[in-house]
């Protein structure tokens, strides 16, 4: 018989999952009630409102898809796309590429705008692409988890809407870590995941659809290809009718509820400032030992620090040493960045000064063992200087 | 700010979720690790083997879909169906009907064999339907949660395979409560849910695909319409390659692991006997006060007791009284059975003698208040007689 569940102690500083707050784990393990229990319906209502406040939207259709962030991607795309629809996807990393695949499987005619990994799109890039096409939908990743690039959305939005298209935004890594303004930026469909800056275990995908998007969905000529992700049916359960669709993931909803409650307790501005601040300290520390970022300057995400593996350093040995000796998980590079990049997450509850300092100390140790030259303690001193400047 | 999560105390005797065992909730709330952590990979491997032992199969492709039971339904159907494929679905309740919808959305030409709600299909029903069609796939629900009917699978299987079709079985409510023999019955694709007889909160869908089904999937001419549920991609993560697909629902996997471990600890035969025994006691108790079953005699599921609301009794008042005064949740009737049927679940950890007796005592009380005639204590005495017979 296999052993009982007894996970090792980890500090999750990869691209997600991040460390859930103890209150989130406690909520997750609370006693299950039925999916039509009055208590659960109240939890759903309150969570929807907290998600609206987090997405900064009045969108009625703001709720959580019963799957991970990728299910959120699929849900937003398959509900908005009918076979033959033109879709334009901005691709500058793994997750833009994934949207192309998902949209094609939904029958879309997909074209792309491409930028090298680590760079972001300008409004002009998009304007050029839209000059020669008239897509129903433009999809863009706000926080590219594979590169650490932070895509500005507001200026893209104007261009997309001038062209008469809907704007779909991947906010899997963005939400809860940097400002996301669904209404102000006129985002028509957006999805996130629970295991990044929301600090909740993976398993749900918060989504929001604008009234304009819902009109498009209600006016479809064909059924949504996915029964499980069909927003018109899900609306009847999340709405006042409470029509049974599928059995909701009760306990995961408890956890997400508590995670979002924690964010509102801290306050959005304070939460974003914390993410930014720990990023600044980490960046100062890494810079002090010569480690540079993969994403272009001025567009580096605070919660996902993709940095170049220094020349001559054994990527896997460092990641293995961090995990096995210090219990610290960081992420490897994906796709074009495989073996070349480390992805250091400072997301949600993981984004704390203690984690930044411990990580830098452990990294210095492992680099020294590989005879990688850097001045001992330099990274810690630089990070501490950032923290000290505030006190 | 909404209140912290603090669920009321419930006994979940509806059609699922059932009460998770305390050990399952503890596992659910264990610290999160990464989805590529060596510890998590080991948990996945061991869980896959425990699921194989539970499904009674050697199928390599036995794992959990990152969604609820309905996602399992969609995953098995969309992987096996290509546009234009003929599919035959057996419909005698809500969930057969749902399979029709899901299969049609995947582009299948669907035909049905129908039986009245509460009845099951005979091999002859199927033989007749297959005489005039040659489907790629025949889909059947083993335990119809809307009616409580227990469909024999073995004799269906022979007919399906004689016709050269694949056999797909819905075992959402069946698995863990009654014998399910994937290899012996030559089932090609099967799905379940965690929140029924596995006694785990909702959120995952154990599935298994036979080598024959995998051959069909590998030989597809078109991509699976769902990226999220594409078994060929999921196989690369659950297999030895460990290629990242989507971030696995780590904590839900902990919970399912522990739930299946509990079943193997008890032993499959003992677990099925327990479900059968508590059903016999409940049935004796209900019979003693004149309450009859909706499913045909000889085909009544032990874990899902769908019984007729007695004439003159207020359905909603009884369910409300059970919930609000005794903390007991039972299920209302669905679809054609709305207002006419109660669904009393004795699934997983909920299937205990104490729950049977408490439920009968509470029901007697509520019926008496509605002036429904029954001899006081009669149901308890009858149930106790069943339990006493064993001691």
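Since every read-out is calculated from the coordinates, none of them should be taken as a lab result. Remember, it's a predicted structure, so these values are computed and weren't measured experimentally. So basically every Cβ, Gly included, is an ideal-geometry build from the backbone, and we count neighbours across all protein chains shown.
Quick notes on this one:
- FRET efficiency for the pair residue A:123 and residue A:53, taken as 1/(1 + (r/R0)^6) with r the Cβ-Cβ distance and R0 = 30 Å, rounds to 0.60.
- Peptide A:252-264 shows a mean partner chain C-beta count of 3 within 10 Å per residue C-beta.
- Exam field: residue A:297 pseudo-label spacings to other copies (7 Å along Cα-Cβ), nanometres: 8.6
- For peptide B:19-29, the mean count of partner chain Cβ atoms within 10 Å of a residue's Cβ comes to 5.
- A protection proxy built from the mean count of other Cβ atoms within 10 Å ranks the segments A:261-270, B:31-40, most packed first, as B:31-40, A:261-270.
- Between 0 and 90 degrees, the angle of helix A:38-55 with respect to the longest Cα principal axis of chain A falls at about 70 degrees.
- Per-selection metrics, the range B:216-345 (Cα): Rg and Dmax in Å: 21.5, 61
- Sorted by Cβ neighbour density within 10 Å, fewest at the top, the residues B:221, A:196: B:221, A:196
- Axis angle, to the nearest 10 degrees, between helix B:69-80 and the longest C-alpha principal axis of chain B: 30 degrees.
- Closest approach to the axis - chain B beta-carbon, rotation onto A, Å: B:29, 1
- Computed over chain A: relative contact order in percent, which uses C-alpha pairs under 8 Å that are six or more apart: 24 percent
- With label points set 7 Å from Cα along Cα→Cβ, the inter-copy distances at residue A:221 are 2.5 nm, sorted shortest first.
- Beta-bridge orientation, chain A: approximately 50 percent antiparallel, per DSSP, counting only bridges with both partners inside.
- All C-alpha pair distances within the range A:268-388, sorted into 10 Å bins from zero, spread as 14, 49, 33, 5, 0 percent across the bins.
- Centroid-to-centroid separation of the range B:182-223 and the range A:220-278 [C-alpha atoms, Å]: 27 Å
- As a proxy for reagent exposure, A:55, B:209, B:326 were ordered by neighbouring Cβ count within 10 angstrom, fewest first; the result is B:326, A:55, B:209.
- Per the Debye calculation on the range B:10-115 with a single equal scatterer at every Cα and no solvent contribution, log₁₀ I(q)/I(0) for q = 0.20, 0.25 Å⁻¹ amounts to -1.16, -1.30.
- Spatial separation of Cα centroids for the range A:72-144 and the range B:302-361, in angstrom: 49 Å
- The distance between label points at residue A:132 and residue A:387 comes to 5.2 nm (points 7 Å beyond Cα on the Cα→Cβ vector).
- For residue A:387, label point 7 Å along C-beta direction: distances to other copies, nm: 5.8
- Shape summary of the range B:22-265, radius of gyration then Dmax from alpha carbon positions: 17.3, 55 Å.
- Residue order, fewest to most beta carbons within 10 Å, for B:277, A:279: B:277, A:279
- When only Cα pairs below 8 angstrom with a gap of at least 6 residues are kept, the range B:268-388 shows a relative contact order of 36 percent.
- The range B:54-168 - Rg and Dmax from Cα coordinates, angstrom: 13.6, 38
- Cα gyration tensor, the protein assembly as shown - rounded (a/c under 1.5), prolate or oblate: prolate
- To the nearest ten degrees, helix A:315-326 and the longest principal axis of the Cα atoms of chain A are 80 degrees apart.
- FRET efficiency for residue A:218 and residue A:353, using Cβ-Cβ distance with R0 set to 45 Å, rounded to 0.05: 0.40
- Estimated inter-spin distance, residue B:368 and residue A:375, nm [label 7 Å along Cα→Cβ]: 8.6 nm
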